[in-house]
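J.: Let me begin by handing over the structure; questions about it come next.
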Amino acid sequence: MRLPYNRKRAYLSGIDWIIATIDFYMQKTSTAGNHSSLILELKNSLSSEKLYERLLNIYSYMPLLSGTIKRDLLNLAPYWKTYPSKKNSISISSISGIDSDKQFHHLLQNILNSNFLTPQEHLKFNLITGKNGNYLVMTFDHKLFDAKGAELFLNLLSDMPLKELNELLYKIKITNAPKLINWNEKFNAGKQIQRYMIKMSENECFSPADTNMNEILKETKNRILNFKIKSYSLNDTSKILKNGEKTAGFMMETNFFLSAVASAVYSTFAANKDILLNIPMPADYRSKSEHPTYQLLRNHLSFMFLNIQINKNDSLKSLSEKFKKSVFEQVSLELPEQLIKASRLARICPLQLLYKFMKLSMNGKICSYAFANVGKSTNIPDILGSKIINISHLPRVPTPPGIGFFFNIFSEKLHFSVTWDSNKFEKNTVDGILNKIDYNLKQE
């Protein structure tokens, strides 16, 4: 039986609803929700007027960018309610005189910990200039874009004729069906995911933050995130990728990054112990047959829940084999695909209730840490004529786990960022982890 729906609406997928749940939880327990920032280093400074004019054009085509989430009273599926484009929904700030690393870090930390001003704001832009360089920081709501989608959005800001821009805008899929069909398939997928989660939760995962959701919800202190970003040269990136190929295999750099991080976390927090790591890793599920821009909006991903035992005898190579085995197990069981189907059922559940089910996983510890490898960025040459030198990703993380590690490659150069809850981790401790990850990536 197919439930009726409005074909002109943009319905959220089940994964979108999970992302919205994480946002709801983070709004309750920290200064902001589930957003990320793209930090673009530019060759020249940008004109805020030119950026504003371009965004006006984009927003007029995509009113979704200033929409809010509502529930369809006919079929109960959540969807994006759109409104006539409003000029005041475009947020651009210009900051000059940023002349030191300390000033720049403080500014980026403020951006990381700042919430959107209204429920209709899902994007904000900061233009930064000074002796430290020229930057554009685009902060985006994960309910609207995943990390790859945010990069695809940057294509709309490149220096191109209006006709070419409108052709790109025309390719973007605005509406989205709720897929209120094949109920048995969804219920069976839900049973499979439930069995796997129960099996995973039989043994408690190791958490460096050593806290759970119940404890965090009772805390009243302000939860401020800190961060650090490391960028590698072309030469160092080439060496790291060659090390990854020798350690993990051809085209297995994600596996190598997983191993480098796991080894560093283990030696910092659990040396000589046997522990269980649980790492939810996003996997891109964009269709290869469709134009990338068509799949710009919403979350085109699923998750793998990598469960591995680690002990003092594990090398990077043995860890790589364990991660490879865990990935292959998930793929063979089609668990990421099953999660996409099963999560569609969860949309019936209000966010106020759904986030409480998160406590059931790993006794409320959720996972050991967050991890993502965005991979190679799409070919984005410039922003309104200013050449892009570097792009780094700076995501927020919930507590638990309270710490996350993120990789991306732009223009053949590797960028690595870590975000952590400053209430749960000392900066010196995180610096130690970063040094160990750096050593693991570079050792031959």
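J.: Kindly evaluate residue 319 against the criterion of being under 19 Å from residue 437 (Cα atoms) and either touching a Leu at 6+ places or on another chain (Cβ under 6 Å) or not in a helix (DSSP H, G or I) (or both).
T.: no
J.: Could you check how many residues of the stretch 50-92 are closer than 29 Å to residue 135 by Cα, of a type in the set (Gly, Ala, Ser), in a loop (DSSP other than H, G, I, E, B) and more than 22 Å from the chain's Cα centre (by Cα)?
T.: Residues that pass the stated criteria total 1.
J.: How many of the residues making up the stretch 356-410 are part of a strand (DSSP E or B), more than 30 Å from residue 222 (Cβ to Cβ) and either at pLDDT below 85 or of a type in the set (Ser, Thr, Tyr) (or both)?
T.: 1
J.: Separate question: Kindly indicate which of 48, 89, 100 is in contact with a strand residue (DSSP E or B) (Cβ under 8 Å, 6 or more places away or on another chain) and of a type in the set (Gly, Ala, Ser).
T.: On inspection, the qualifying residue turns out to be 48.
J.: Looking at the structure I just gave you, is residue 239 modelled with pLDDT of 95 or more, surrounded by fewer than 21 Cβ atoms within 10 Å (Cβ to Cβ) and more than 24 Å from residue 147 (Cβ to Cβ)?
T.: yes
J.: Among the residues of the stretch 53-70, is there at least one that is free of Cβ contacts under 8 Å to residues at least 12 places away in the same chain, over 24 Å from residue 395 (Cα atoms) and touching a Lys or Arg at 6+ places or on another chain (Cβ under 9 Å)?
T.: Checked the stretch 53-70: at least one residue is free of Cβ contacts under 8 Å to residues at least 12 places away in the same chain, over 24 Å from residue 395 (Cα atoms) and touching a Lys or Arg at 6+ places or on another chain (Cβ under 9 Å).
J.: Still on this structure, please answer the following. Of all residues in the stretch 24-42 being part of a strand (DSSP E or B) and not polar (S, T, N, Q), which is farthest from residue 230 (Cα to Cα)?
T.: 35
J.: Which of the helices (runs of 4 or more DSSP H) found entirely inside the stretch 143-211 contain at least 3 residues meeting this: among the small types (Gly, Ala, Ser) and touching a residue at least 40 places away in the same chain (Cβ under 8 Å)?
T.: Passing ranges, in order: 147-154.
J.: Considering only the stretch 104-117, I want to know if a residue exists there that is in a helix (DSSP H, G or I), of a type in the set (Val, Ile, Thr) and either modelled with pLDDT under 95 or under 30 Å from residue 387 (Cβ atoms) (or both).
T.: The answer is yes; a qualifying residue exists.
The values are calculated or read from the model by the stated rules, or taken from the named source; none is laboratory data. This structure is a prediction, so every number in the text was calculated from the model and none was measured. Cβ sites come from the backbone with ideal geometry, for glycine too, and all protein chains shown count toward neighbours.
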